[in-house]
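The values are calculated or read from the model by the stated rules, or taken from the named source; none is laboratory data. Remember, predicted model here, so these are calculated numbers, not experimental data. Positions of Cβ are generated from backbone atoms using ideal geometry, with glycine treated the same way; all protein chains shown enter the neighbour counts. Ligands, DNA and RNA are stripped out before the accessible areas are found, and what is left, the full protein with its side chains, is counted by its heavy atoms. Shrake-Rupley method; radii C 1.70, N 1.55, O 1.52, S 1.80 Å.
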Amino acid sequence: MAIQRAYTDGTIPDTPLARSATRLTQAASPPFLVNHCRRVYEFGSRIAKSKGRSFDAELAYVAAMTHDLGFTDRFASNDRRFEVDGAEAARTFLADNNIRGEKADLVWEAVAMHTAFG
């Protein structure tokens, strides 16, 4: 199946990477947090569409699904902000799925900075 890159209607990407990100978040998080992460993607993709912006839906979905992993027992550290813990979990997840470099950096930054204004 070809990977579609612009899911601007809120549709969840149906790719192996997206499905794996969902499984990771489900394994580490309570259901309310999984649902929150999914809504982040759905709302964000609709906002992007309303502003006429294109984006890599698969990476946006991974960032949304991993953005709060730093809240979970599995990924929380004692010495970093939860956003950075989530970003590190996302980077590790991507590396485990052979995605490194610019794409991994983009997801890391999105997760690490998701509570920053500006």
Pairs only if they're at least six apart or on different chains, beta carbon under 7 angstrom, first in segment 100-118 and under 15 Å from Ala89 (Cβ atoms), second open to solvent by 50 Å² or more (accessible area, probe 1.4 Å) and outside any helix (DSSP H, G or I); list them, first residue then second. none
Thr11 fails exactly one of (1) of a type outside the set (A, V, I, L, M); (2) assigned to a helix (DSSP H, G or I); (3) open to solvent by 10 Å² or more (accessible area, probe 1.4 Å); (4) modelled with pLDDT under 95, namely (2)
Please work out if Val62 is on the phi < 0 side of the Ramachandran plot, open to solvent by 50 Å² or more (accessible area, probe 1.4 Å), in contact with a helix residue (DSSP H, G or I) (Cβ under 7 Å, 6 or more places away or on another chain) and of a type in the set (A, V, I, L, M). no
